[in-house]
Amino acid sequence: MLRALCLTAVMALMAPPGNAQATGASPEATSPAAAPKTLKPIERADATPAGKLKNPYKVSDQTIVKSGQALFVSAACSGCHGGTGGGGICPPLTDGVWIYGGDDDTLFRLVAYGSQTLQSKGYTRKAEENVVAPMPAMGTVVASDDDLWRILTFIRAQYHGPAECQFGCPKSGDAGH
Ligand code: HEC
């Protein structure tokens, strides 16, 4: 039942050929000479070596967490994951289960690229949540890398799983790419 609802929402967002643009690397983004401070999430992911994306913000920064929450809602993440990320019709983001890994790098790329492109880049599924459906590419909905870090900071601030699993659970091998 949940899976059907989540899949319907995912299919609506991933209607072809929309997903194609998510995979296209932007040539300017990879040129270090012209690297601006803020990039679109996909450009930032394309321009950064695997494993090297790092959230500049801290969960203790309430201003960032608040702005991240507003962006989480305006980018429609909440429509699938619930208003505080605890899981709506799609998987929860606040427990100790990380589907592809719980590190900053993996989460940033998952949201920017979507789960299918992420997997095509060598990131693998390590766990399953209560619902299994593809995560759509949101790298064109979220305006910038800065906005995405704010959203991920908000998600981190909602975490209520076991302490040792906050950035990936060592036992399930999802602590890093
Ligand atoms: C149309 C529904 C939908 C929307 C909108 C959506 N997601 Fe997802 N998300 C999913 C699904 C489905 C998965 C599970 C992917 C899988 O199992 O491969 C997922 C997985 C995730 C995960 C990994 C969770 C884990 O436990 O490892 C994160 C983080 C995430 N989404 C963040 C976001 C953010 C941030 C946004 C908004 C920018 C967003 N999602 C928008 C459906 C959605």
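Each value in this text was obtained by applying a stated rule to the coordinates, not by laboratory testing. Since this is a predicted model, take the numbers as computed values, not measurements. When we count neighbours, we look across all protein chains shown, and the Cβ atoms used for this are built from the backbone with ideal geometry, even at glycine.
So, R0 is 35 Å and r is the distance between the beta-carbons of residue 38 and residue 171; what FRET efficiency does that work out to, to 0.05?
Details: r = 37 Å, r/R0 = 1.05.
So, using R0 = 35 Å, E works out to roughly 0.45.
Where Lys and Arg each count +1 and Asp and Glu each count -1, what net charge lies around residue 74 among other residues with Cβ under 12 Å from its Cβ?
Values: positive: 150; negative: 147.
Neighbour charge sum, excluding residue 74 itself: 0.
Starting from the 7 Å offset along Cα-to-Cβ, what nm value, one decimal, do you get for the label separation of residue 14 and residue 2?
Modelled inter-label distance: 1.9 nm.
Return the calculated 222 nm mean residue ellipticity for the chain, to the nearest 500 deg cm²/dmol, obtained by summing -39500 (n - 2.57) across DSSP H runs with n ≥ 4 and dividing by the residue count.
Working: 8 runs with 70 residues, N = 177.
Result for the chain, helices only: -11000 deg cm²/dmol.
What relative contact order, as a whole-number percentage, does segment 50-160 give when Cα pairs under 8 Å and 6 or more residues apart are counted?
Values: 163 pairs, mean separation 42.3, N = 111.
Here the relative contact order equals 38 percent.
For the chain, can you list the cysteines whose C-beta has no other cysteine C-beta under 4.7 Å from it?
Here 77 come out as lacking a disulfide-compatible partner, given the Cβ-Cβ threshold of under 4.7 Å.
What distance in nm separates the two pseudo spin-label positions at residue 119 and residue 61, each 7 Å out from Cα along the beta-carbon direction?
Here the answer is 3.4 nm between the modelled labels.
Going by Cα centres, segment 32-98 and segment 126-177 are how many Å apart?
8
So which GluC sites (Glu not before Pro) in segment 98-177 pass both tests, a DSSP loop state and at most 13 other Cβ atoms within 10 Å of the Cβ? Write down the numbers at each step before the final one.
Numbers: sites: 128, 129, 164; in loops: 128, 129.
Passing both the DSSP loop test and the Cβ count: 128.
Counting Lys and Arg as +1 and Asp and Glu as -1, each charge on the Cβ, what is the dipole of the chain about the Cα centre in debye, to the nearest 20?
On the way: 15 positive and 15 negative charges, 1 e Å.
Rounded to the nearest 20 debye, it is 0 debye.
Expressed as a rounded percentage, what relative contact order does segment 97-177 have, with Cα pairs under 8 Å and six or more residues apart?
Values: 107 pairs, mean separation 38.5, N = 81.
Averaging sequence separation for qualifying contacts and normalising by length gives 47 percent for segment 97-177.
Taking amide hydrogens as modeled 1.01 Å from N in the peptide plane, which residues meet the under 5 Å criterion relative to residue 133, leaving out close sequence neighbours?
So residue 133 has HN proximity to no qualifying residue.
Using only the alpha-carbon atoms of the chain, report the extent along each of the three principal axes, biggest first, to the nearest angstrom.
Between the extreme Cα coordinates on each principal axis of the chain lie 46, 39, 31 Å.
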